[in-house]
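Read through the structure below, which is laid out as structure tokens, and then see the notes.
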Amino acid sequence: MKYKKQLILAFKIVLLVASFLFAWYKLSESKDTREVITSIPQYWSQNYQFLLFVIALLFLNWGIEAKKWKFVLRNYHKISLWKAFKSVISGVTLGLFTPNRIGEFGGRILYLPSHKRAKASLLSILASYSQFFTTLLMGVPALLLFLFWKSAQVSGIPVSPFALIAAFFVAAILMFFYFNLNFAYALLIRIPFLAKYAETISVIKEVPLKDLLRLLLLSILRYAVFVLQFYFVASFFNVNVHFYELFVAAASLYFMMSMLPMFTIGEPGLRASLTAVFFSPFTLQISAVISASVLLWIINVLLVSLTGALFLLNPKIVNYENTSGT
């Protein structure tokens, strides 16, 4: 048992060091982020209020996600909003090193008793799925509008027409499964290596429709928050673009990023290239929009992941067996 505790502590320290090294690299050595950071002082004196709005909305952004996590767990395990917030932030840290941040659920379940983590991991995925569903719900019509409205002004969409059709097809299937979890469950347990976990997987079919709708509403609210963050950070860099134009471009950007597998370590570069594609019909200030997009990633993901790394040092995590929800 002592050896196990030492191993867990060593893993936490390695994760903490890796997170800070990653942040140092992105903030000092990566060209994408270094240029953004060095440009902040020239806008700060006149536009600081916009950046303060972005930071204030950061807490609302992740607070809504914590509320979703607390809500989806409520019939399975009681947890306080503060603990839900810490677990969500810790998940951002673990997700930093996985494709599309799929490792986020791992950080969340560490705050739960070990015997409840298996089913809770599926509920965590469901909470994330509701956000992904929202990205599809907003992104599909936005991208279609963009393609029919502004594609003639774009020098080139960085994906083939076949890839776009495939993305829309996959999005339609995923949107169907969100409101048909019983059907999804039936398919999952037909997979041989998942069949033996049928009882654990059954937790997803126990979620009532009203809960799925409430999760979706919370996800839509969170989506609105980070679109508003995008607008404020663009205003910080003096980008002259109408809000509805920003929404179409940002929703298209988020959709494409959600459909493309990527590691967070390479996300700023891909984010920058896609940002240029979707904002070029609306503004000539492409470099400023890219700076806004990258800075928003730094604030919402990179800095939050460092906080999560500190939360993970808590010795109660992993060995946590208290069900009081404190």
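Miscellaneous remarks
- Helices (runs of 4 or more DSSP H) completely within the stretch 81-197 that count 1 or more residues being modelled with pLDDT of 80 or more, open to solvent by 50 Å² or more (accessible area, probe 1.4 Å) and not aliphatic (A, V, I, L, M): 81-95, 117-149, 161-178, 181-188, 192-195
- Within the stretch 58-91, the residues that satisfy the criterion of being under 19 Å from Thr134 (Cα atoms) and among the aliphatic types (A, V, I, L, M) are Leu58, Leu60, Ile64, Ala66, Val72, Val88.
- Only one of Asn300, Asn238 that is surrounded by fewer than 18 Cβ atoms within 10 Å (Cβ to Cβ), within 22 Å of Leu57 (Cβ to Cβ) and at pLDDT 85 or above: Asn238
- Every condition in (1) surrounded by 15 or more Cβ atoms within 10 Å (Cβ to Cβ); (2) part of a helix (DSSP H, G or I); (3) at pLDDT below 85 holds for Thr38 except the one numbered (1).
The values are calculated or read from the model by the stated rules, or taken from the named source; none is laboratory data. Given the structure is predicted, the values throughout are model-derived calculations rather than measurements. Don't worry about glycine lacking a Cβ; one is built from the backbone with ideal geometry, like all the others, and counts go over all protein chains shown. Areas reflect the complete protein model, heavy atoms only, side chains present, ligands, DNA and RNA absent. Shrake-Rupley method; radii C 1.70, N 1.55, O 1.52, S 1.80 Å.
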